[in-house]
Amino acid sequence: MSHMKGDNENNRVSIVSAYHRKRGTSIVNVRVPQALVDNIDRWVEENHFKSRSEFIVTAIRRYLDDLSKEERAAQEYELFTAGRPK
């Protein structure tokens, strides 16, 4: 009987994986300090976000965008100062 349970769990995982692949998403497990989770939950409860996942994806996108802007600014500064005496 335990063999069947394992098969059912494997089938469920396969179905879930196929669903996320079709949507172009992946499941990523992370450990988050409880204080951050509480803060995220507050934002969700106040209807700023539909779910924890939406909050986290939005936060990651914004952070990556900020990193890209910083990187571009550093490259532009490098180009601007190239060839100038120091």
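Here are some notes:
- Conditions (1) under 25 Å from the mean Cα position of the chain (by Cα); (2) surrounded by 10 or more Cβ atoms within 10 Å (Cβ to Cβ); (3) modelled with pLDDT under 90: number failed by Ser26: (2)
- Residue match in the stretch 53-62 (condition: surrounded by 10 or more Cβ atoms within 10 Å (Cβ to Cβ), at pLDDT below 70 and among the basic types (Lys, Arg)): no
- Sole exception among (1) part of a loop (DSSP other than H, G, I, E, B); (2) surrounded by 10 or more Cβ atoms within 10 Å (Cβ to Cβ) for Arg84, by number: (2)
- Selection from the stretch 18-76 of residues that are of a type in the set (Ser, Thr, Tyr) and assigned to a loop (DSSP other than H, G, I, E, B): Thr25, Ser26, Ser51
- Exactly one residue out of Asn39, Asn11 is surrounded by 10 or more Cβ atoms within 10 Å (Cβ to Cβ), modelled with pLDDT under 85 and at negative phi: that is Asn11.
The values are calculated or read from the model by the stated rules, or taken from the named source; none is laboratory data. This is a predicted model, so every value here is computed, not measured. Quick reminder, even Gly has a Cβ in these numbers, built from the backbone with ideal geometry, and neighbours come from all protein chains shown.
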